[in-house]
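Asker: This structure is in structure tokens; I'll ask about it shortly.
Taken together, the values in this text are just the output of simple stated rules run on the coordinates, not laboratory data. Just so it is clear, the structure is predicted and the values come from calculations on it, not from any experiment. Heads up, the Cβs are rebuilt from the backbone with ideal geometry, glycines too, and the neighbour counts pull from every protein chain shown.
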Amino acid sequence: MNKWDDDGQTTTGTMLSDVLFNPGMIFFMLFLMVLVFVNPPKKQTQAEAVVKMPGNIMVWIRWPDYVDVDVDLWARAPDDRPVGYSNRAGNAFNLLRDDLGNTRDTTKLNYEVIFGRDMPDGQYTVNVHLFRNGSQLTEVPVEADVFISYGSRAESIAKKKVVLTQVGQEITIANFFLENGKLVGKPDDTHTPLRAAVGGP
């Protein structure tokens, strides 16, 4: 005759369930361990990391899409010439693309990006300039953001919205000082012309 335990099950039934359950759990855990070792999580390669963070400094601007307006981004690193549409590469900065508004643009998205390969100590300046206003807008709103990288982490150090109202107008987004790859003090927007420094038309 079977003995009953406190849960109303027979002792034989409890032992049988333990005998079947415990080895099953062991095999399941072994299966998970083998699965992890056979198919480990994919590690990010150095090439992939470069694609995700192509520079130590990134500056981007955006203005309304689908309008025929050419806004130019300018940036200058310490002891270097300003980088923009007429001088697309410097010692530290590179202009990724000169967006001309609707001209030679199949996406109709309006933005420009500058990347910095290095972060030498000293003062940096970032400006925007209204080159052409084919849509005859009375106001051209522009968003700008400046990022610096700390390894795999990027931090915004200067973000600003400005409004350009006439062709030829140049507005300073930020002047900032870096030392040992870190921001010193707070950025300011004291007007610092860059386009004239390279004799842009």
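Asker: Going residue by residue through the stretch 142-154, is there one that turns out to be part of a strand (DSSP E or B), among the aliphatic types (A, V, I, L, M) and farther than 20 Å from Pro120 by Cα?
Answerer: Yes, the conditions are met somewhere in the stretch 142-154.
Asker: Give the number of residues within the stretch 65-109 that are assigned to a loop (DSSP other than H, G, I, E, B), aliphatic (A, V, I, L, M) and within 12 Å of Thr125 (Cβ to Cβ).
Answerer: Final tally of qualifying residues: 1.
For (1) free of Cβ contacts under 8 Å to residues at least 12 places away in the same chain; (2) more than 17 Å from Asn56 (Cα to Cα), each residue gets a yes or a no:
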position: Arg76; (1), (2): no, no
position: Gly116; (1), (2): no, no
position: Met119; (1), (2): no, no
position: Leu130; (1), (2): no, yes
position: Glu139; (1), (2): no, yes
position: Arg153; (1), (2): yes, no
position: Val167; (1), (2): no, yes
position: Leu178; (1), (2): no, no
position: Lys186; (1), (2): yes, yes
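Asker: Could you go through the stretch 87-97 and let me know if any residue there is in contact (Cβ under 8 Å) with a residue 60 or more places away in the chain, out of contact with any helix residue (DSSP H, G or I) (no Cβ under 6 Å at 6 or more places or on another chain) and of a type outside the set (Gly, Ala, Ser).
Answerer: no
Asker: Looking at the stretch 145-161, is at least one residue among the basic types (Lys, Arg) and either in contact with a Lys or Arg (Cβ under 7 Å, 6 or more places away or on another chain) or farther than 19 Å from His191 by Cβ (or both)?
Answerer: yes
Asker: Ok, one more. Quick test of your reading of the structure: Leu164 fulfils all but one of (1) surrounded by fewer than 20 Cβ atoms within 10 Å (Cβ to Cβ); (2) in contact with a Pro (Cβ under 9 Å, 6 or more places away or on another chain). Name the failing condition by number.
Answerer: If we test Leu164 against (1) surrounded by fewer than 20 Cβ atoms within 10 Å (Cβ to Cβ); (2) in contact with a Pro (Cβ under 9 Å, 6 or more places away or on another chain), just (1) comes out false.
Asker: So Thr190 passes all but one of these: (1) in contact with a Ser or Thr (Cβ under 8 Å, 6 or more places away or on another chain); (2) buried (at least 18 other Cβ atoms within 10 Å of the Cβ); (3) more than 20 Å from Trp63 (Cα to Cα). Which condition number does it fail?
Answerer: Among (1) in contact with a Ser or Thr (Cβ under 8 Å, 6 or more places away or on another chain); (2) buried (at least 18 other Cβ atoms within 10 Å of the Cβ); (3) more than 20 Å from Trp63 (Cα to Cα), Thr190 violates only (2).
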